[in-house]
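Working notes for the structure below.
The values are calculated or read from the model by the stated rules, or taken from the named source; none is laboratory data. Nothing here was measured: the structure is a model prediction, and the numbers come from that model. A quick note on method: Cβ atoms are made from the backbone with ideal geometry, for glycine too, and the neighbour counts reach across all protein chains shown. Each accessible area value is taken on the protein alone, full model and side chains, heavy atoms only, with ligands, DNA and RNA left out. Shrake-Rupley method; radii C 1.70, N 1.55, O 1.52, S 1.80 Å.
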Amino acid sequence: MQKSQNSEKALRAAINEVRKTNDHYLLYLYFSRLAFLQIDGGDLIDAVYSYGVAKSALRKMNDQYLEILLNVNLSDAYYRSGLYIQSVSCLNEAQSINNTNKLSHRNIQSVINYNKAENFFKMHNYDSLKVYHDKLFGPDNEGRKLYSYQKRTGYYMQLLKNDYAGAI
């Protein structure tokens, strides 16, 4: 707890200094890190605010890849808080940015698909879970965690069908 408080205090001091220079990248970076600390501390409201400030800085930089990552991180904050619809909304925004800009970071597609699948599992929405499970086997996915994502979403489907033996 003390380390977290010290980290937050140091980040806030750094943010105050960076605001004097108007360095958008550092503002994005520091506010993103602050949001992580706030989420770990259970403070979703302040974390969402910090992500919003980070997003404002990002828009001035016009970096779509970082904006996708920010949306994925914000979706995780909502997911951890049980706000699955909001989480999926952030992932939809990340997907839209990725589709519009045709970014070549293929592992991003896997992360978006997997995170959507997790949300649909938590919402007990088998049909949508299956859609994103199937998408994880599509050609737009890659990454070192892809196999784990595919297996995990398969287990989630079995659990929603009450096939506990199959999931084990």
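Can you list the lysines whose alpha carbon is less than 17 Å from that of residue 122, not counting same-chain residues fewer than 8 positions off?
Once the sequence-local lysines are set aside, what remains near residue 122 is 130, 151, 161.
Enter the Cα centre distance for the pair the stretch 142-163 and the stretch 39-60, rounded to the nearest angstrom.
Value for the Cα centre distance between the two parts: 30 Å.
Whenever you get a sec, compute what percent of the accessible area on the stretch 3-121 sits on carbon and sulfur atoms (1.4 Å probe).
About 50 percent, which is the carbon plus sulfur part of the accessible surface.
So how compact is the chain: Cα radius of gyration and Dmax in angstrom?
My reading of the Cα-based Rg and Dmax gives 17.7, 59 Å.
With an 8 Å Cα cut-off and a minimum separation of 6 or more residues, compute the relative contact order for the stretch 10-65 in percent.
Relative contact order for the stretch 10-65 comes out at 36 percent.
Return one number: the angle in degrees, 0 to 90 and rounded to the nearest 10, between the long axis of the Cα atoms of helix 126-135 and the longest principal axis of the Cα atoms of the chain.
So the inclination is approximately 80 degrees.
How far, in degrees from 0 to 90, does helix 84-101 lean away from the longest principal axis of the Cα atoms of the chain, to the nearest 10?
Taking the Cα atoms of the chain, the angle to 84-101 is about 80 degrees.
So, with +1 on the Cβ of K and R and -1 on the Cβ of D and E, and no other charges, what is the size of the charge dipole of the chain about its Cα centre, to the nearest 20 debye?
On the way: 21 positive and 16 negative charges, 38 e Å.
The dipole magnitude comes to about 180 debye.
About its Cα centre, what dipole magnitude does the stretch 58-103 give when the only charges are +1 on Lys and Arg Cβ and -1 on Asp and Glu Cβ, stated in debye to the nearest 20?
With only Lys, Arg, Asp and Glu charged at Cβ, the dipole is about 60 debye.
Restricting attention to the stretch 14-120, which GluC sites (Glu not before Pro) occupy a DSSP loop and are surrounded by at most 15 other Cβ atoms within 10 Å?
none
Which of the listed residues, 87, 159, 34, is farthest toward the dipole's positive end in the chain, when Lys, Arg count +1 and Asp, Glu count -1 at the beta-carbon?
Farthest along the dipole direction, towards plus: 34.
Can you work out ³J(HN,Hα) from phi for every residue in the stretch 153-167, in order, using Karplus 6.51 cos²θ - 1.76 cosθ + 1.60 and θ = phi - 60°, giving whole Hz and x for Gly and Pro?
Ordered by residue, 3J(HN,Hα) equals 5, x, 5, 4, 5, 5, 5, 5, 8, 6, 8, 5, 5, x, 5 Hz.
Roughly how many Å² of residue 76 are accessible to a 1.4 Å probe, to the nearest 10?
Residue 76 exposes around 60 Å² with every protein chain in place.
If you fit an axis through the alpha-carbon atoms of helix 106-122 and take the longest principal axis of the Cα set of the chain, what angle between them do you get, 0 to 90°, nearest 10?
So the inclination is approximately 70 degrees.
Pairs of Cα atoms under 8 Å, at least six residues apart: use those to get the relative contact order of the stretch 91-168, whole percent.
With pairs under 8 Å counted, the relative contact order is 29 percent.
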